[in-house]
Each structure stands twice: as structure tokens, then as C-alpha cells.
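> I have a structure here, written as C-alpha cells, and I will follow up with some questions on it.
The values are calculated or read from the model by the stated rules, or taken from the named source; none is laboratory data. As the structure is a computational prediction, the values presented were derived from the model and not from experiment. Every residue, glycine as well, gets a Cβ built from its backbone with ideal geometry; the counts of neighbours run over all protein chains shown.
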Amino acid sequence: MGRLDGKVAVITGGTSGIGEATVELFVAEGARVMIVGRNADKGAEMVAALGGNARFHRADVRAEAEIQAAIEAAVQAFGGLDILFNNAGGGTQGNVTDFTEAQFDDAMRLLLSSTLYGMKHAAPHMIARGRGAIINNSSVAALQAHRGGYLYSIAKAGVTQATKLAGMELGPKGITVNCISPGGIATPIFFGGSERAVKMEEAHVAASMAKLERNIARATPLLKTGYPRDIASAALFLASEDGRFVNCHDLVVDAGMTFGGRPDYTPGA
């Protein structure tokens, strides 16, 4: 018996990093999962490895119509929807004085409106079942300065607030809405995303990842590095019956970093 037996989940940004780890864990726990992302080759590889309980739908979450189509594909393939993990994201550019209109639009569409549209189109299917769990991937950048870029932090703050508002509205309908705020997690996003990481030489990726892991660990009171599986485990808790009494909550998973980090740590050293 798995903790998600009989459940249907949609996971955006599902072909790398946190999304990929969550797909693998949810399938292992008995869920049927629609993997949503832009990397069709990686999606096909994952489906081949995970078997019949995983499907792939190519979509760019910057477009509402593509988000809606992905959710509808999951409902058609698996007969309903119980879990949505709005996980897709990426880095942003620009600061207070020099961001462009295009940078702003891209940041908000990738990080914020994708979450809003995901909830918008998933909720009716969950309401029809009288139950559901929505999980949004936020960030410690929504809580503290210098944890992410200017537009990134603003968008993630919006995700956290939207989560709480949606939980208030959807809670009476049997749907929990929560977000996860990861701290330093060793993923390809630090190298400009998974596609760029693939193009880098393997030795360079390994060396860069090793340095990243050391720096993340040194910045936390636990002296530990965060990995995608740590966030996947948090998502599993919120998606399962274990999280049935948690709603409108921002689950910070950062090894204590946002409480103050380590006073003897110098970033980049």
C-alpha cells in the first residue's frame, strides 16, 4: 500500500530537479502522474522508466491554454484529478532600476500566473470529487532578501499569498492548498536550468555541483545540503492523508537557513 494509492496527480516542471524527484516518489507511492514540461525527450524517458502510471504532456506554463490542456489530458487519461503540484519555474533577470517589460512579463508568467492558472483549472475537477490537494512551489526568496533575484522574489511572494487565499476559498470544498518554500536545493537551476546543464561538460557540471553542495551546507545550521528528494518528501506529506489537516500553510524546508543561517558563513567563499 502506497500513501497515494488511487490518486491522480499533475506535476508541472516534472522533467528535472524537484519536479522529477516528485514524479518518481509519487509514482512509487501509488499515484498516477501526468508529467508536464517542455522537454519531450526527457518526458518520454521518464515514462518508459516509470511505466503505465506515468504519462507526459508537453506544455509551456507561461500559457494558460497549455496549462488547461495539460490538466484536461490528465483527467482524460486517468479519470479525474486529486493532486496538483505547481512546480515549474526558473531564474529571472533584472533589478529595481533596470528590468525590462519583457523580463517582468516572463517572470510573472513563469512563476506567478502559471500557479494561478493551474489552480484555476484544477480546482473544478477537485470540487467535483469533493476532495483534493494543491501544492505550490514557492521559495525562501519570498521571505527574506538576498535569497533570489528581484522579480523572482516578488513573484514567489505572490505565490505564497495566493496559496493562502486559495486555501481559504477552497477549504470548505474539501481542498487543501499549501505551498513549499525550499531553501538551498542542489538543482540545475543554479546553472541556468536543466537544458543549459545538459550542454555543459560532464566534468564541469560535477565540479560545479560539488561546490554548490558545499556552499549550501555551510549556509545552514544543520550543515547539510538540500536535494530535490527533500522537497518531494514534503510534497508527499501535503498530498497524502498525513497532511489532511494542513491548509493555507507555507512549509519552509531550508534546514533553518531563513532563521539566520550561520554567522560564520560568507556567501561565495
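> Filter region 6-44 for residues that are β-branched (V, I, T) and not in a helix (DSSP H, G or I); which is farthest from P182 (Cα to Cα)?
Per the criteria, the residue is V8.
> Determine whether K164 is buried (at least 18 other Cβ atoms within 10 Å of the Cβ), basic (K, R) and within 25 Å of V253 (Cα to Cα).
No, not satisfied.
> For region 45-60, indicate whether the set of residues that are assigned by TED's automatic domain parsing to the domain that holds L165, of a type in the set (S, T, N, Q) and either touching a strand residue (DSSP E or B) at 6+ places or on another chain (Cβ under 6 Å) or under 23 Å from V177 (Cα atoms) (or both) is non-empty.
yes
Residues checked against (1) surrounded by 17 or more Cβ atoms within 10 Å (Cβ to Cβ); (2) not aliphatic (A, V, I, L, M):
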{"residue": "V61", "(1), (2)": "yes, no"}
{"residue": "A65", "(1), (2)": "no, no"}
{"residue": "E72", "(1), (2)": "no, yes"}
{"residue": "F85", "(1), (2)": "yes, yes"}
{"residue": "T92", "(1), (2)": "yes, yes"}
{"residue": "V96", "(1), (2)": "no, no"}
{"residue": "E101", "(1), (2)": "no, yes"}
{"residue": "L110", "(1), (2)": "yes, no"}
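> Could you pull out the residue among T97, T115 that is over 27 Å from K7 (Cβ atoms), of a type in the set (S, T, Y) and in the same structural domain as G243 (by TED's automatic domain parsing)?
Within the list T97, T115, the selection yields T97.
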